[in-house]
Amino acid sequence: MSANTTQLKDWYGYVAGEKVVSDTFHEVKSPYDNRVVGRVVLAGKKDGERAIEKALAGGKKLNRYDRYTIIDRTRLLLVERKEEFAQLISAESGLCIRDARYETGRAHDVLLFAAMEALKDDGQIFSCDISPNGKARKIFTLREPLTLALCITPFNHPLNQVVHKIIPAIAVGTPVILKPSEKTPLTAIKLVELLYEAGLPPYMLSVLLGPTKEIAEPLTQDPRIELVSFTGSVAVGKHIASTAGYKKVILELGGNDPLIVLEDADMKLAVTLAAEGSFKNSGQRCTAVKRILVQESIYDRFVEELVKKAADYVSGDPADENTIVGTVIDEASAIYLETVAKEAVALGAKIVFGGKRSGALLQPTVIADVPPTARMVVQESFGPLAPVIKFKTIEEAIEISNSTAFGLSSGVVTNNMQHAIRLVKELRMGTVNINEVPGYRIESSPFGGVKDSGLGIKEGVIEAMKCFSYVKTYSLPW
Ligand code: NAP
């Protein structure tokens, strides 16, 4: 079965609400069966320039209630059309329809929380008569929007990544130019259309898809853009960091998240978290479980149970309601994953479940006895692989976990509070979740990594709203 429920049509970038016009197109194909899902009219350098000019020229200034209303209307429109969005996400990314529906729910929450936050004022008051040097004055803070931000998003959550980038900016009144992934641009464009429909003044948002040299690079480097917010790979993130020039740069990069299973863990919970964390969203989450570290005394039983559990994760046609794991983003990515699995086997690891590939569809794969030095677990492996590594002591688990270049998130399965607290303190990661997957969060809690996973600047609705604005202080005699 391969239901093509998405109507074929041409898609357009928008410069402040006006469709991009050109005679070059980019075809977006289903990773599952290569059918064309849609084609996008490509923008060029002049469109980037116009998008900057339109944003800087501005328009109706949005007060808090305006921003709340637009974001909340967008939320309601998304609820109405969530099945259309889910079908489109699944068609262009190869994620199974279940994961795509789940993603629309997450995007809903981002809109809900951002609408609520738009109504709040986080201003502070500092009385100045509080030291021998004090004066009879008060200092107040207020938040002002930036002139213009650029948001660049990856393929792996075609809706939620985009919502997380642009909605906090709109919630504080900062105009945005969005550059979505060329692999999954259709959902991003559909969201932009939803925002216009909800009443967003066009100057507040443009969306452009085009050659990197004409769109992403010149915009990143343009001094009129005050902030670049990027989510994607380490290589591109570091390139942006070195070329963006004098502006705020937010980088949310790759992850290599461990799930550490201690010998006192609840085995059923550990196995469930390992499977969900490794296989959900086809393993293509920055916070997917990418390494499962299991203590020696329970290792054999854990591997046996994980193999049984993995059998529940049926892979296949993303449109099929029974599919739990869809494809990865393209065949080249699936071949890479297959290659690193083979390399691990050459180093002594064993594929104990799955491992078969057909095009971009890779079966959920459990690999036991993976040496901590195998490329599969040193680099980020972005797909449904569950590599299991044996460790003896907690010290060793901490050392292995902290040994890679990444520091995004982690999960620990234990019933021992002392161990839990120690791991919270000693894992050098942006997040440590006890008895949960590394990816657990709510959409408004602070999120982001350290080391090669990011510069320690957090996202999540509230923190992102802070990034997309600046604090002005003013003082008065009192
Ligand atoms: P990617 O290849 O780095 O692409 C991300 C975005 O950057 C795309 O829109 C891409 O455009 C654009 N881009 C490419 N070259 C650029 C340049 N020179 N200047 C500016 N922008 C440029 O990443 P991906 O493969 O789409 O995404 C997967 C990665 O994202 C994984 O490493 C994953 O861990 C990471 N990720 C991190 C988080 C987090 O929060 N930490 C969340 C999700 C994903 P084109 O598509 O047009 O090339």
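Listed values, structure above:
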read-out	value
Only listed residue being under 26 Å from Gln418 (Cα atoms), part of a loop (DSSP other than H, G, I, E, B) and more than 16 Å from the ligand (Cβ to nearest atom), chosen from Ala265, Ala274, Ala319, Ala270	Ala265
Set Thr141, Thr184: member being more than 16 Å from the ligand (Cβ to nearest atom), hydroxyl-bearing (Ser, Thr, Tyr) and either surrounded by 20 or more Cβ atoms within 10 Å (Cβ to Cβ) or in contact (Cβ under 8 Å) with a residue 24 or more places away in the chain (or both)	Thr141
Residue tally, condition touching a Phe, Trp or Tyr at 6+ places or on another chain (Cβ under 8 Å) and either under 17 Å from Ala310 (Cβ atoms) or crowded, with 18+ Cβ neighbours inside 10 Å (or both), over the stretch 339-362	2
Some residue of the stretch 282-290 being surrounded by fewer than 17 Cβ atoms within 10 Å (Cβ to Cβ) and either among the charged types (D, E, K, R) or within 16 Å of the ligand (Cβ to nearest atom) (or both)	no
Some residue of the stretch 55-62 being surrounded by fewer than 13 Cβ atoms within 10 Å (Cβ to Cβ), hydrophobic (A, V, I, L, M, F, W, C) and within 22 Å of Leu150 (Cα to Cα)	yes
Members of the stretch 229-246 found to be in a loop (DSSP other than H, G, I, E, B), over 20 Å from Lys183 (Cα atoms) and within 10 Å of the ligand (Cβ to nearest atom), listed by number	Ala244
Considering residues of the stretch 196-228 that are without any contact (Cβ under 8 Å) to a residue 40 or more places away in the chain and within 15 Å of the ligand (Cβ to nearest atom) only, the residue surrounded by the fewest Cβ atoms within 10 Å (Cβ to Cβ)	Lys213
The lone exception for Gly94 - which of (1) at positive phi; (2) more than 26 Å from the chain's Cα centre (by Cα) it fails	(2)
Selection status of Ala91, under 30 Å from Glu276 (Cα atoms) and crowded, with 23+ Cβ neighbours inside 10 Å	yes
Pro258 crowded, with 17+ Cβ neighbours inside 10 Å, outside any helix (DSSP H, G or I) and modelled with pLDDT of 95 or more	yes
Filter result for Thr404 (touching a helix residue (DSSP H, G or I) at 6+ places or on another chain (Cβ under 7 Å), under 21 Å from Thr272 (Cα atoms) and among the β-branched types (Val, Ile, Thr))	no
Residue check, Ile177 assigned to a helix (DSSP H, G or I) and more than 9 Å from the ligand (Cβ to nearest atom)	no
Helices (runs of 4 or more DSSP H) (entirely within the stretch 394-478) containing at least 2 residues that are over 28 Å from Ala241 (Cα atoms)	394-401, 417-426
Candidates Arg357, Arg285, Arg301, filtered to the one that is basic (Lys, Arg) and within 21 Å of the chain's Cα centre (by Cα)	Arg285
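The values are calculated or read from the model by the stated rules, or taken from the named source; none is laboratory data. A quick note: this is a predicted structure, and the numbers were derived from the prediction, not measured. Positions of Cβ are generated from backbone atoms using ideal geometry, with glycine treated the same way; all protein chains shown enter the neighbour counts.
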